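In what follows, a single structure is set out as structure tokens and then discussed.
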Amino acid sequence: MKNPPVLISVLGFFAALAGFYHIFAGLRLVGFDFFGAFSNTQLTDGYWFWGVMWIVVGVVYLLVAGALWSLQPWAWLFGQIVAIFGLVSAFFVMFDLGLGAALGAALLPGLILWYLNSPQVKAAFGIDGGA
């Protein structure tokens, strides 16, 4: 098994962080108190559906992190889709906060999309067209 490019490892790390956050928040939404750590806060009973959805999203992000680290081609596609959603979201930011905020919101998804389409990264994932 070959090592992933450094920035792919970084993307995988942030995907893992997002996964752990979503799982943690989802457990909190379903009312799990983490053994009294949040005893001073109000419980959120009745949000089971949304809590389970957050947990599912967290598990998906953890799977994507592992797939990025092991250079699975579907993780490359997932990164492309998430970056495109980020660019579309940045387009709508323009209507709410203006062009400067939209350019700022589009910067990271644009860089990720550019990086994922570089020949070295495509070759590492075994995507056709990679050098």
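The values are calculated or read from the model by the stated rules, or taken from the named source; none is laboratory data. Keep in mind that what you see is a predicted model, and the values were worked out from it rather than measured. FYI the Cβ positions are ideal-geometry reconstructions off the backbone, even for glycines, and counts take in every protein chain you see. Heads up: the accessible areas ignore ligands, DNA and RNA and are worked out on the full protein's heavy atoms, side chains in. Shrake-Rupley method; radii C 1.70, N 1.55, O 1.52, S 1.80 Å.
Here Leu77 qualifies as more than 28 Å from Arg28 (Cβ to Cβ), loosely packed, with under 15 Cβ neighbours inside 10 Å and within 13 Å of the chain's Cα centre (by Cα). Tallying residues that are under 15 Å from the mean Cα position of the chain (by Cα) and open to solvent by 60 Å² or more (accessible area, probe 1.4 Å) within the stretch 91-122 yields 2. Ala124 - would you say it is within 23 Å of Val10 (Cβ to Cβ), modelled with pLDDT under 95, assigned to a helix (DSSP H, G or I) and in contact with a helix residue (DSSP H, G or I) (Cβ under 9 Å, 6 or more places away or on another chain)? Taking the combined requirement at face value, the residue satisfies it. Against the numbered list (1) at pLDDT 95 or above; (2) open to solvent by 40 Å² or more (accessible area, probe 1.4 Å); (3) closer than 30 Å to Asn3 by Cβ, Val88 comes up short only at (3).
Does the stretch 40-65 hold any residues that are open to solvent by less than 80 Å² (accessible area, probe 1.4 Å) and at pLDDT below 90, and which are they? Correct list: Thr41, Thr44, Gly46, Gly51. Of everything in the stretch 2-21, what is in a helix (DSSP H, G or I) and more than 17 Å from Ile81 (Cβ to Cβ)? Give them in sequence order. Val6, Leu7, Ser9, Val10, Phe13, Ala16, Leu17, Phe20, Tyr21, listed by residue number.
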